[in-house]
Structures are given as structure tokens and as C-alpha cells.
């Protein structure tokens with residue numbers, strides 16, 4: 001049975017937790033395109049080997065995996081060359097593996113790399129077009145206690161998405177930010193914010209506000 005690569009381990013763990021890449025990117029502050037590259041073991045898309053290892057560690061900790069175990073799988077399959085680039089170990093050490101590196105092998109590797117990068121790009125674009133939109137609520141914090149009769153809901157989503165707050169459509173500015181004041185009732189108030197993409201996928205966040 002073939003052992004999983006670091007990217008496959010992270011991809012499987014994310015899917016088992018039913019997490020979207022947008023949520024991972026928002027929380028870990030790792031750009032979505034880098035997460036896509038890591039899960040595809042396409043480390044040529046990352047700035048350097050040091051950055052790749054740091055992202056893998058942070059991603060592993062976020063998914064509650066052992067960073068050391070995931071990095072061990074990464075080091076088993078990949079190595080950093082003299083230029084600081086991450087390459088497959090078999091390509092970095094052709095002598096010990098009795099492989100003669102030839103111009104033909106260079107062309108094949110280049111073609112494989114181009115198709116890998118292009119495939120990763122297509123996967124990312126498909127995810128952007130068909131996946132649920134990102135959604136962040138900056139105000140108010142959850143479980144806020146207030147004595148006011150209204151509360152200001154502020155946040156950000158995809159500029160192409162539509163937003164509704166407690167069932168009412170809210171206008172977005174060009175950057176995808178929104179701001180809407182919601183009336184409150186005495187006691188507990190559950191406020192639902194729904195972002196809907198053009199493909200009909202939704203992301204829902206709620207805020208609980210208690211009025212005394």
C-alpha cells in the first residue's frame with residue numbers, strides 16, 4: 001500500500017472535517033492558492049522551502065494533526081535544492097538512485113510541472129466558481145450583551161455574492177463589505193447572515209446578541 005504524501009494527508013484531514021479552503025485560508029492566513037498547491041504537493045508554487053515547511057506546520061496544527069509526522073512525510077518525498085526550491089527527492093538525488101539526468105528528462109520534468117501547475121490552477125478556479133462564498137462578520141462579536149435597541153452588523157464577502165441579514169437583502173460595496181443595522185428584541189436575539197454565490201452555494205454565520 002502506497003504511503004500518503006503530506007499534501008494527501010492534509011487534504012484528507014480537511015475533507016473529513018468538512019472544511020472549505022476559504023475557511024482554512026481565513027483562519028490560518030495562508031492564501032487559498034498556496035493551500036491548493038500544498039494539497040497537490042505542488043511546492044513550486046510556494047516562495048521557498050522555508051515558507052513551505054512553515055505553511056505545512058501551521059496547516060497541520062490547524063487540522064489538529066501532528067506537525068512532525070506531516071513534515072516527516074514531506075521530507076520523505078521532497079528535498080530542498082541549492083536554490084531553496086522544493087523538488088521531488090528522486091529528482092534531487094539522481095546519482096544515488098542510479099538515474100542519469102539527461103536533457104530529455106529535463107524536458108519531461110518541465111512538461112509535467114507545467115501540467116501540474118495548470119491543473120492546480122484549474123482546480124482552484126473551479127473551486128472559486130462553484131464553491132460557497134467566503135464570509136466574515138467583523139461586528140458584533142458572538143454572545144454580545146447590549147442595552148441598545150439595534151445592533152450594527154458589519155462584515156465582508158465575495159463582491160459577486162449576495163448578502164441577507166435576518167432575511168433582508170443588504171447592499172455590498174465594491175470590495176464586498178457590508179453594514180446593516182438590525183433591530184433587537186428584549187432577551188436573546190439570533191441574527192443570521194447568509195452569503196449566496198452566483199452558483200447558488202451558501203455560507204451562513206450567526207451572531208447571538210442578548211439585550212437586558
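Here are a few things to note about the model shown:
- Taking the numbered list (1) in contact with a strand residue (DSSP E or B) (Cβ under 7 Å, 6 or more places away or on another chain); (2) farther than 22 Å from residue 119 by Cβ in turn, residue 54 passes all entries but (1).
- Selected residue [over 22 Å from residue 129 (Cβ atoms) and either exposed (fewer than 13 other Cβ atoms within 10 Å of the Cβ) or touching a residue at least 40 places away in the same chain (Cβ under 8 Å) (or both)] from 36, 111: 111
- Residue 47 falls short on exactly one of the conditions (1) surrounded by fewer than 14 Cβ atoms within 10 Å (Cβ to Cβ); (2) touching a strand residue (DSSP E or B) at 6+ places or on another chain (Cβ under 8 Å), and that condition is (2).
- Those strands (runs of 3 or more DSSP E) lying entirely in region 115-212 with at least 1 residues more than 20 Å from the chain's Cα centre (by Cα) and loosely packed, with under 15 Cβ neighbours inside 10 Å: 135-139, 144-146, 150-157, 168-170, 177-183, 187-196, 202-211
- Matching entry among 24, 112, 95 (being more than 23 Å from the chain's Cα centre (by Cα) and at pLDDT 90 or above): 112
- Filter pass, residue 84 being modelled with pLDDT under 90, surrounded by 11 or more Cβ atoms within 10 Å (Cβ to Cβ) and either touching a strand residue (DSSP E or B) at 6+ places or on another chain (Cβ under 9 Å) or within 22 Å of residue 49 (Cβ to Cβ) (or both): yes
The values are calculated or read from the model by the stated rules, or taken from the named source; none is laboratory data. The model shown is predicted, which means the values in this text are computed figures rather than measured ones. Because the Cβ atoms are built from the backbone with ideal geometry, glycine has one as well, and the counts that use them run over all protein chains shown.
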